[in-house]
1. Could you tell me whether segment 397-407 includes any residue that is free of Cβ contacts under 8 Å to residues at least 40 places away in the same chain and more than 30 Å from residue 192 (Cα to Cα)?
2. Quick one: would you say residue 253 is of a type in the set (A, V, I, L, M, F, W, C) and open to solvent by 10 Å² or more (accessible area, probe 1.4 Å)?
3. Within segment 173-222, track down each residue that is part of a loop (DSSP other than H, G, I, E, B), in contact with a strand residue (DSSP E or B) (Cβ under 9 Å, 6 or more places away or on another chain), charged (D, E, K, R) and under 21 Å from residue 132 (Cβ atoms).
4. Open to solvent by 10 Å² or more (accessible area, probe 1.4 Å), modelled with pLDDT of 95 or more and under 25 Å from residue 304 (Cα atoms), is that true of residue 241?
5. Being aliphatic (A, V, I, L, M), open to solvent by 20 Å² or more (accessible area, probe 1.4 Å) and in contact with a helix residue (DSSP H, G or I) (Cβ under 9 Å, 6 or more places away or on another chain) narrows it down to one residue among 32, 94, 36; which is it?
6. Scan the strands (runs of 3 or more DSSP E) fully inside segment 66-158 and keep the ones with 2 or more residues being over 19 Å from the mean Cα position of the chain (by Cα).
7. With the condition being in contact with a Cys (Cβ under 6 Å, 6 or more places away or on another chain) and over 27 Å from residue 180 (Cβ atoms), I'd like the strands (runs of 3 or more DSSP E) fully within segment 358-468 carrying at least 1 qualifying residues.
8. If you scan segment 301-321, which residues turn out to be open to solvent by 10 Å² or more (accessible area, probe 1.4 Å) and either out of contact with any helix residue (DSSP H, G or I) (no Cβ under 8 Å at 6 or more places or on another chain) or in a strand (DSSP E or B) (or both)?
Amino acid sequence: NPYAGLVNHLRAAWLSGKTRPMEYRVAQLEALGRFLDEKKEDILEATASDMGKPSFEAYFTEILLCKNEINGTLNNLSHWMKDEHVDKNLVTQLDSAFIRKDPYGVVLIITPWNYPIHLFLVPLIGAIAAGNCVVFKPSEVAKNTERLVAEMLSCYLDNDCFAVVTAGVQETTRLLENKFDYIFYTGTSSVGRIVMTAAAKHLTPVTLELGGKNPCYVSDTCDVQNVARRVAWGRFFNAGQTCIAPDYVLCSVEMQEKLMPALREAITEFYGPNPQESPDFGRIVGDKHFRRVRALLCSGRVAIGGQTDEKERYIAPTVLADVLPSDPAMQEEIFGPILPIVVVANMDEAIDFINARPRPLAVYAFSCDSKVVNQVLERTSSGGFCGNDTLMHVTLTSLPFGGIGNSGLGKYHGRFTFDTFTHHRGCLHRNMGLEALNALRYPPYSQQKLGLLAATFEIKRKGMCTLL
């Protein structure tokens, strides 16, 4: 296998214990911070070249949010790494019972192209913080960012413990043949199944950050202008190439009629009368992706936008009205600047519509009535939830981010990333003396011993009393 030598080299480094000291982890995390500071302009230029990503959006998602992850991790790492002492029973009162935070070993991180810096750095930060060695495979679709990472990251990180592999589909398949101690994959559900199958051969645990069709319910009682701005921003940010973007709107016929002019106004406010000329609106990442997204425009009727330019890979911010559940735009994750509106009679029908489909990465609900928002939250299931806004839940490192069912497996961000790449090792360190306390468990057995044993090991339910 062409990558066996690399994996073995990193495993030897991990077995040496090099990555375990906190000082080492801190130094590597600080180096990532310098990478973001010193290569800021290169990152902005690479993401602009790959998908016309506006510098504002690139700085916010690829740099600022990543620096927040680094600084939050550095601020808390010593606390996260400490042994966690746990409750004990009567027999072990004089012993030490604790959870040791061990690194997994050599981990593999495979990331996509839509946020090519953010989606590799955030898991990498947690993997380093947890004390692992890492093989990282960036997406070959975002060619300029891939080149930047491959050429520059080795100048900042310890090359004995961290390696970048640039690879296409065939090479990635060979890479997955190697035994890793953990695999973290972000991408499509179809490739996620391939990754999980490869991991199963070595019984390797995985985190799968996948996608899905994120529903957005808009009730009849809401501030239409605010809804339009927040939904348009979430849908058309990064030209719609965001895994947690609202994928479609569910609302009544009356709300569709109110929402349409408000969405048109919001799009014009954001991107001007001709979004193709706006410096704040991105492009589709590649020709194949452009053709796939363009084909979805035949769904329903184009109420706003619909213009395309294949040479520029430009698809205008588009809203589709009267979309049917059977239309092409409702059969797959859109991952582009198209927003279908599906008409439902009421909230109950919207919830039934959501629950009849695979569980999404995010559910959004808009209403001036908090009871409506809470009803959607309580009666649906998704990776995450955001009421009266879109995307913003992902900015909080205090919240876990991840999918459920078809939208993924596992979670990360902040402390949750550290925990994902950490083996929580249950440990009991007993006293060598006081052997008389152990006599109850040794043969020969008796009913008296069993009664005493039950009394010392039993966990009683709180609030329960015993009648004497």
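The values are calculated or read from the model by the stated rules, or taken from the named source; none is laboratory data. All values derive from a computational prediction rather than experimental measurement. So basically every Cβ, Gly included, is an ideal-geometry build from the backbone, and we count neighbours across all protein chains shown. Heavy atoms of the whole protein, side chains included, go into the accessibility calculation; ligands, DNA and RNA do not. Shrake-Rupley method; radii C 1.70, N 1.55, O 1.52, S 1.80 Å.
1. Checked against the condition, which is being free of Cβ contacts under 8 Å to residues at least 40 places away in the same chain and more than 30 Å from residue 192 (Cα to Cα), segment 397-407 yields no hits at all.
2. Spelling it out, residue 253 is indeed of a type in the set (A, V, I, L, M, F, W, C) and open to solvent by 10 Å² or more (accessible area, probe 1.4 Å).
3. 179, 181
4. no
5. 94
6. It comes to 96-103.
7. Filter on segment 358-468 gives 362-366.
8. Here is the first cut: in segment 301-321, the residues open to solvent by 10 Å² or more (accessible area, probe 1.4 Å) are 301-313.
Result: 301, 302, 303, 304, 308, 309, 311.
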